[in-house]
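Some notes on the structure that comes next.
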Amino acid sequence: MTTKQVTVFAPATVANLGSGYDVFGVAIHAPGDIVVAERTKEEGLTFSVQSKKKTVPSTTKNVAAHVATLLLEEVRPPFGVRMVLNKLMPVGSGLGSSAASSVASVVAVNELLPKQLKRRDLLRFAVEGERLASGSPHADNVAPSLLGGVCLIRSYNPLDVVQIPMKKSPVWVVVHPHVIVRTEEARNILPKQIPLRQAVHQWGNVSGLTVGLMDGDIKLIGKCVEDVIVEPVRSKLIPAFDEVKQAALESGATGCSISGSGPSMFAVAYSIKQAKEIGKAMSNEFRKVAGVKSEIYISITNVEGATMMKVQNG
């Protein structure tokens, strides 16, 4: 029996986790993108987008179409694919929007293939969506969106992803202000050289963050999301950053930093109840200081990653 149509959900992610620039990422439960894909008699890809945003491309310039085409060109199945991307995530949010589209796309196409690739083998296609979107094939968003959990990108050449085992998940508080920060812009402003003293400080935090995640030490995780290299530069792109971070910490967060390239910010909490208070405080500060509305997402770690919502067999 062959799969004729599939619906796939790929979740948002919080990349970097503060100190782990380009090497750490965690999947959360919402928001996310949805792809519906089905087999067609005509070879190649037929692609369309459903989105409230008119700026989302509906051509091969869309990352979902791009990575699906790459996969189809390599595998060359005896059929084509009709794909619809339901673009639910905000663009330029710092929540792995392009990664979610890419991941949902390759997982959906893979499910239609007569001989499917292993989930990890789809990573090399998904990172090409990031290359198209930002000029850099970084994997800290696509890996957790695809595989779930917290992922460590140990190496980029060759690409080597380690899933970090967790005894206990912190509650992640993510606040997305209605401001757009383009990933390519946020990467271009980063320093090209780093003083050794700063690097040593950051290495300590990255190592401590790894231990904290594995042990479920919420206090240690919060301390080690401190970012002394990227945050000081990128925070200038986020209105009311300092005030929002201070509000999170005063409300009980053990740590707070930028989600991905921003403008979304994340905080670390012990419980759902505490997380709600932290999220409300952060959102209120965005509104009061910067006059900016925002959404609040509260989630424990999403250990599943991309999931099948519906499969229709023929």
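Assorted remarks:
- Only Lys, Arg (+1) and Asp, Glu (-1) charged, at Cβ; the chain dipole about Cα centre in debye: 480 debye
- Virtual spin-label span in nm between Asp22 and Arg120, 7 Å along Cα→Cβ: 2.3 nm
- Helical mean residue ellipticity (222 nm; -39500 (n - 2.57) per DSSP H run of 4+; nearest 500) of the chain: -10500 deg cm²/dmol
- Computed over protein heavy atoms with a 1.4 Å probe, the carbon and sulfur contribution to the accessible area of the range 1-144 reaches 52%.
- Rounded if a/c under 1.5, otherwise prolate or oblate - the range 130-214, Cα gyration tensor axes: rounded
- Size descriptors for the chain (Cα atoms only): Rg and Dmax, in that order, 19.2, 61 Å.
- Heavy-atom accessible surface of His201, to the nearest 10 Å², is about 80 Å², with a 1.4 Å probe and all protein chains retained.
- Over the range 166-314, relative contact order from alpha-carbon pairs under 8 Å, at least 6 apart, %: 36 percent
- Most fluctuating residue given options Phe24, Phe125, Phe266, as computed from a GNM of the chain linking Cα atoms under 10 Å: Phe125
- Charged-residue dipole, Cβ positions (Lys, Arg, Asp, Glu), the range 157-314 about Cα centre, Debye nearest 20: 200 debye
- Cα gyration tensor shape for the range 156-314, rounded if a/c is under 1.5, else prolate or oblate: rounded
- Normalised contact order of the range 144-232, rounded percent, pairs of Cα under 8 Å and 6 or more residues apart: 28 percent
- In this Cβ point-charge picture (+1 for Lys and Arg, -1 for Asp and Glu), the range 1-67 has a dipole of about 260 debye about its Cα centre.
- Rounded accessible area per residue of the range 229-314, 1.4 Å, Å²: 46 Å²
- Sequence-distant residues sharing a close amide H with Val49 (under 5 Å, placed H): Leu85
- The range 18-104 - percent relative contact order, Cα under 8 Å, separation 6 or more: 44 percent
- Potential extension, His29-Val233 segment - 0.36 nm per residue separation minus Cα distance: 70.6 nm
- Projecting label points 7 angstrom from Cα along Cα→Cβ for Thr60 and Lys293 puts them 3.8 nm apart.
- The separation of the range 110-171 from the range 1-61, counted between C-alpha centres, amounts to 13 Å.
- Between Val26, Gly92, Ala15, the Cα set farthest toward the positive side of the dipole of the range 1-92 (charges on each charged residue's Cβ, about the Cα centre) is that of Gly92.
- In order along the range 205-211, the Karplus-derived 3J(HN,Hα) couplings, from 6.51 cos²θ - 1.76 cosθ + 1.60 at θ = phi - 60°, round to 5, 4, 5, x, 5, 4, 5 Hz, and Gly and Pro are given as x.
- Surface listing: Trp172, Trp203 arranged by accessible area from highest to lowest gives Trp203, Trp172, probe 1.4 Å.
- J(HN,Hα) series, the range 123-129, from Karplus relation 6.51 cos²θ - 1.76 cosθ + 1.60, nearest Hz, glycine and proline x: 4, 5, 7, 4, 5, 5, x
- Burial order of peptide ranges 26-34, 187-195 (average beta-carbon count within 10 Å, highest first): 26-34, 187-195
- The range 47-170 shape via C-alpha gyration tensor axes, a/c threshold 1.5: oblate
- In order along the range 77-89, phi translates into HN-Hα couplings of x, x, 7, x, 9, 9, 10, 10, 9, 8, 7, 9, 7 Hz, rounded to whole numbers, per the Karplus curve 6.51 cos²θ - 1.76 cosθ + 1.60 with θ = phi - 60° and x for Gly and Pro.
The values are calculated or read from the model by the stated rules, or taken from the named source; none is laboratory data. Every value quoted in this text rests on a predicted model; they were computed, and no experiment measured them. Virtual Cβ from ideal backbone geometry, glycine too; neighbours counted across all protein chains shown. The area values use the complete protein model at the heavy-atom level, side chains included, leaving out ligands, DNA and RNA. Shrake-Rupley method; radii C 1.70, N 1.55, O 1.52, S 1.80 Å.
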